[in-house]
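Chemist: My questions all concern the structure below.
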């Protein structure tokens with residue numbers, strides 16, 4: 001397996017230090033603080049370790065403080081309820097004695113029922129598109145050194161945007177389509193694939209809310225962005241090592257906050273995951 005992907009799996013496989021208490025290490029991906037997707041994935045991993053014969057169908061989380069990438073994170077799981085069909089878990093992430101994140105996740109026994117879904121957008125397939133690392137190579141010289149270091153870091157996922165317009169000076173519609181999958185095949189573990197989808201769900205989502213506002217490179221140093229809350233719904237089985245189309249849109253930005261939504265489709269057109277996130281988008285003097 002690819003070394004970077006194997007390293008990520010190791011960081012998402014938490015150490016159990018006491019019943020209902022887990023510890024996770026952070027993976028430095030070049031960002032100034034812990035990547036929000038890492039905390040989402042680790043929290044879902046911790047909750048899943050207390051569940052049997054049920055699968056996560058939703059999670060709702062709040063980011064409370066920036067995480068320190070140089071320190072471990074402790075995840076405390078509250079077994080709120082185990083019913084006949086559903087189980088509920090609350091997870092609190094603690095670092096340096098303070099809560100940095102909390103999440104509630106719900107799990108359900110497998111059931112059959114009514115089915116319908118929205119249609120998948122008609123866009124080029126992943127084989128017709130360039131990976132984001134190839135797209136960015138031509139612009140590397142124009143970027144700050146810290147950002148260049150982040151973009152050059154090896155990635156555990158292939159990322160192929162349908163449009164390469166992001167980053168240009170003009171304002172564009174707050175809609176974005178991105179194909180993603182892990183760089184190597186993964187084990188047949190459905191819960192692991194959901195943990196990885198939680199990890200990647202925070203990538204590029206909030207940036208959709210900035211697309212109508214011109215060239216953000218001119219705002220560098222003045223623009224403060226951070227995830228505030230995050231929600232996911234797992235509709236149908238899917239694999240993180242198969243191409244998935246992430247469709248993003250942002251219906252609103254106001255009050256120094258932006259709302260972004262996502263829908264995830266597999267290549268057969270099945271809607272597998274829905275995502276929503278509100279984040280801080282603050283212009284500083």
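Chemist: Multiply the residue gap between residue 65 and residue 130 by 0.36 nm, knock off their C-alpha separation, and tell me the result in nm, one decimal place.
Modeler: 19.9 nm
Chemist: Arranged by the count of other C-beta atoms within 10 angstrom, fewest first, what order do 57, 116 take?
Modeler: 116, 57
Chemist: Given the C-alpha centroids of segment 227-272 and segment 49-67, what is the distance between them in whole angstrom?
Modeler: 16 Å
Chemist: Kindly rank 68-80, 254-266, 37-49 from highest to lowest mean number of other beta carbons found within 10 Å of each residue.
Modeler: 37-49, 254-266, 68-80
Chemist: With only alpha-carbon atoms in the gyration tensor, what are the semi-axes of the equivalent ellipsoid for the chain, in Å, largest first?
Modeler: Each semi-axis is √(5λ); the values are 29, 23, 19 Å.
Chemist: OK, next. Over the Cα atoms of segment 26-123, Rg to Rh with Kirkwood Rh, two decimal places?
Modeler: Rounded to two decimals, Rg over Rh is 1.07.
Chemist: Another one. Kirkwood Rh over alpha-carbon pairs of segment 41-80, then Stokes-Einstein at 10 °C and 1.306 mPa s: what D in µm² s⁻¹, rounded to an integer?
Modeler: D = 132 µm²/s.
Chemist: Would you mind giving the three semi-axes, in whole Å and largest first, of the ellipsoid equivalent to segment 191-285 according to its Cα gyration tensor?
Modeler: The answer is 28, 12, 12 Å, longest axis first.
Chemist: Using only Cα atoms, find the angle between the long axis of helix 190-200 and the longest principal axis of the chain, and express it within 0 to 90 degrees, rounded to the nearest 10.
Modeler: Taking the Cα atoms of the chain, the angle to 190-200 is about 30 degrees.
Chemist: Per residue of the chain, what 222 nm ellipticity follows from adding -39500 (n - 2.57) for every DSSP H run with n ≥ 4, rounded to the nearest 500?
Modeler: -5000 deg cm²/dmol
Chemist: Mind running the shape call on segment 7-71? Use the C-alpha gyration tensor, a ≥ b ≥ c as the square roots of the eigenvalues: rounded below 1.5 for a/c, prolate if a/b tops b/c, oblate otherwise.
Modeler: prolate
Chemist: Let me ask something else about it. When averaged across all projection directions, what area in nm² does the alpha-carbon convex hull of segment 81-127 cover?
Modeler: 7.6 nm²
Throughout, read-outs are computed from the coordinates displayed, never taken from laboratory work. These numbers come from a predicted model, not from an experiment. Positions of Cβ are backbone-derived with ideal geometry, glycine not excepted, and every protein chain shown enters the neighbour counts.
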